[in-house]
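Visitor: Below you'll find the structure I mean.
The values are calculated or read from the model by the stated rules, or taken from the named source; none is laboratory data. None of the values given here were measured: they were computed from a predicted structure. All Cβ positions, even for glycine, are placed from backbone atoms using ideal geometry, and neighbour counts span all protein chains on display.
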Amino acid sequence: MPDSAHKLRQIEIVVTREVDISHARQAALALAQALGFSRAAAYRLATAVSELGTNLVFHATHGGIISLSPLDAPGRVGLELVASDDGPGIADIDHAMCDGVSENGGLGSGLPGTRRLMDEFEISSSPGIGTRVVARLWL
Amino acid sequence: MKTLSDVLSLHKDKIIAAWIDRLAEAGDGDSETEPMIRELLERLIRALKSDGPPDIKAPTFHDLTKHMIEVSASRAREGYSPSSTGRLILGLKAAADSAIAAEYSADPDRWRRESATLSEVIDGLSILTFEAFMRAREEIITRQSDAMLEISTPSLLIWDEVVMMPLVGVIDTARAQHIMEEMLNAISREQARVAILDVTGVPVIDTRVALHLTNVVSAARMLGAEIIVTGFSPEAAQTLVKLDVDLRTMRTRGTLRAGFAEALRLLQCQIRPIG
Ligand SMILES: Nc1ncnc2c1ncn2[C@@H]1O[C@H](COP(=O)(O)OP(=O)(O)OP(=O)(O)O)[C@@H](O)[C@H]1O
Ligand SMILES: [Mg+2]
């Protein structure tokens, strides 16, 4: 425990370029591993980080921040992933959450897919102010 | 009373000696240090001699700043640390202090003024130094990643009309573009009918990577070649299903071995033991 304790704090990664996404993904994998998540769960988390990070790079104007924190609720262990930005925001969230909706020729599975990969998922966005996605995974 | 430029010029050798001592204390000096800092000091003296304002953006400072930028960039390329390069220029401040104190002690006002001027110039130079250093480093990094791109996607002819490309590492936009070009070139160069794209070494297959793969498959089809994607891990397969990425148009096999068998089947070839 003391050895891995330093890993178990909240981590914030500024994501503005594609290389930053790899960095965030590696941090997510390390945290998931330290918390005892299975390989499959860690892979799901890493993919969710990839999706949200990619949206920060390609849809938010100046990128954004990925933050990862261990959750320690009574009797269970989890992990929270937050992606926030001050980009253009999403006018119609319900529409953006539909499969196959993309503004730049993507597959449009990023947001709905992330919701399916994680146990909990919340998205809030205001046009002109920014977007914030919070997703959680429980052990 | 002497100007700042005169003072620095008069005490040049002493300042250089003190400057080198300081650098040596920090473990920074080497045989190239002396001529380099002498050159810097001489250019500084010349810049300060002119009547213009002691502003490093002024044309009279151009000669000095240009030299400083070159020194900094070449140190970045030679692998010196940014702090050692920063200390190099900052060391001048302390080294020149005693000379300035000796000359202006009779006039505290002037002393303060000249000392402030020198500080300001050196601060400006250190910022320049840092920027030049970072720029040079970024250039190196860009060059290195370009070089990595070149070697990271080899394509191999593994059988008549079958090429294979093992992908290792993250697939970002630049790399996806490179993979596409390499793959299409290999297909037309080898007149391949089947190409195997192995993704075992790709850390995460998200929707963007999936899209890149689908694009390669469609483009290859236009050249008359079928692509078989191999090496999805069980975790990747589960995740792709959750993402609901439609890979039905893509021929996939779990292992490279199964992919190769499929390639032979497509070419209606068989490998049989002799006898
Ligand atoms: N951080 C964000 N800021 C502004 N708009 C966003 C943001 N994230 C997503 N969007 C909008 O929501 C749409 C759907 O996003 P989603 O990630 O589901 O698909 P995509 O990024 O277009 O394609 P894919 O992720 O499959 O490659 C985007 O096309 C974009 O218009
Ligand atoms: Mg997306």
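Visitor: Only one of (1) away from ligand 2 (no atom under 13 Å from the Cβ); (2) in contact with a Ser or Thr (Cβ under 7 Å, 6 or more places away or on another chain) fails for A:ARG39. Which number is that?
Guide: The failed condition is (2).
Visitor: Moving on. Looking at region B:158-177 only, could you name the residues that are within 20 Å of the chain's Cα centre (by Cα) and more than 19 Å from B:SER145 (Cβ to Cβ)?
Guide: Within region B:158-177, no residue meets the criteria.
Visitor: Does A:SER67 satisfy the condition of being away from chain B (no Cβ under 14 Å), closer than 21 Å to A:ARG17 by Cα and either out of contact with any strand residue (DSSP E or B) (no Cβ under 7 Å at 6 or more places or on another chain) or away from ligand 2 (no atom under 16 Å from the Cβ) (or both)?
Guide: yes
Visitor: List every residue pair whose Cβ atoms lie under 7 Å apart, where the two residues are 6 or more positions apart in sequence or sit on different chains, the first residue falls within region B:238-261 and is assigned by TED's automatic domain parsing to the domain that holds B:VAL209, and the second residue, located anywhere, is among the hydrophobic types (A, V, I, L, M, F, W, C) and modelled with pLDDT under 90.
Guide: B:LEU240/B:LEU247; B:VAL245/A:LEU107
Visitor: Ok, one more. Of the conditions (1) in contact (Cβ under 8 Å) with a residue 60 or more places away in the chain; (2) out of contact with any helix residue (DSSP H, G or I) (no Cβ under 6 Å at 6 or more places or on another chain); (3) among the β-branched types (Val, Ile, Thr), B:ILE141 fails just one. Which one is it?
Guide: That leaves (1) as the condition not met.
Visitor: Working carefully through the options A:ALA30, A:ALA42, find the one that is more than 9 Å from every other protein chain (Cβ to nearest Cβ), more than 16 Å from ligand 1 (Cβ to nearest atom) and closer than 23 Å to B:VAL168 by Cα.
Guide: The match here is A:ALA30.
Visitor: Okay, next question. Select, from B:ALA219, B:ALA225, B:ALA176, the only residue that is buried (at least 19 other Cβ atoms within 10 Å of the Cβ) and either touching a residue at least 24 places away in the same chain (Cβ under 8 Å) or under 15 Å from B:THR252 (Cα atoms) (or both).
Guide: B:ALA225
Visitor: I'd like the residue in region A:45-62 that is at pLDDT 95 or above and more than 13 Å from ligand 2 (Cβ to nearest atom) and, out of all such residues, is farthest from the other protein chains (Cβ to nearest Cβ).
Guide: Restricting to residues being at pLDDT 95 or above and more than 13 Å from ligand 2 (Cβ to nearest atom), the top hit is A:LEU45.
Visitor: Which numbered condition trips up A:PRO88, out of (1) near ligand 1 (Cβ under 9 Å from one of its atoms); (2) under 23 Å from A:SER22 (Cα atoms); (3) without any contact (Cβ under 8 Å) to a residue 60 or more places away in the chain?
Guide: Condition not satisfied by A:PRO88: (2).
Visitor: If you go through region B:181-203, how many residues are surrounded by 14 or more Cβ atoms within 10 Å (Cβ to Cβ) and under 24 Å from the mean Cα position of the chain (by Cα)?
Guide: Counting residues in region B:181-203 that are surrounded by 14 or more Cβ atoms within 10 Å (Cβ to Cβ) and under 24 Å from the mean Cα position of the chain (by Cα) gives 3.
Visitor: Cβ contacts < 9 Å: first residue within 20 Å of B:ALA261 (Cβ to Cβ) and free of Cβ contacts under 8 Å to residues at least 60 places away in the same chain, restricted to region B:190-207; second residue β-branched (Val, Ile, Thr) and in a loop (DSSP other than H, G, I, E, B), any location; separation 6+ or different chain. Result?
Guide: These pairs meet every condition: B:VAL199/B:ILE171; B:VAL199/B:ILE205; B:THR200/B:THR255.
Visitor: Does region A:57-68 include one or more residues that are without any contact (Cβ under 8 Å) to a residue 12 or more places away in the chain, closer than 21 Å to A:VAL15 by Cα and either buried (at least 21 other Cβ atoms within 10 Å of the Cβ) or within 12 Å of ligand 1 (Cβ to nearest atom) (or both)?
Guide: The answer is no, given that none of the residues of region A:57-68 is without any contact (Cβ under 8 Å) to a residue 12 or more places away in the chain, closer than 21 Å to A:VAL15 by Cα and either buried (at least 21 other Cβ atoms within 10 Å of the Cβ) or within 12 Å of ligand 1 (Cβ to nearest atom) (or both).
Yes or no, residue by residue, for (1) at pLDDT 90 or above; (2) over 23 Å from B:LYS12 (Cβ atoms); (3) outside the structural domain of B:ALA17 (by TED's automatic domain parsing):
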site: B:SER72; (1), (2), (3): no, no, no
site: B:GLU78; (1), (2), (3): no, yes, no
site: B:SER83; (1), (2), (3): no, yes, no
site: B:LEU88; (1), (2), (3): no, no, no
site: B:ASP97; (1), (2), (3): no, no, no
site: B:ALA102; (1), (2), (3): no, no, no
site: B:SER105; (1), (2), (3): no, no, no
site: B:ASP109; (1), (2), (3): yes, yes, no
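Visitor: Can I ask one more? Test A:GLY113 against the stated conditions and say whether it is touching a residue at least 12 places away in the same chain (Cβ under 8 Å) and of a type in the set (Gly, Ala, Ser).
Guide: Yes; evaluated as a whole, the condition is true for this residue.
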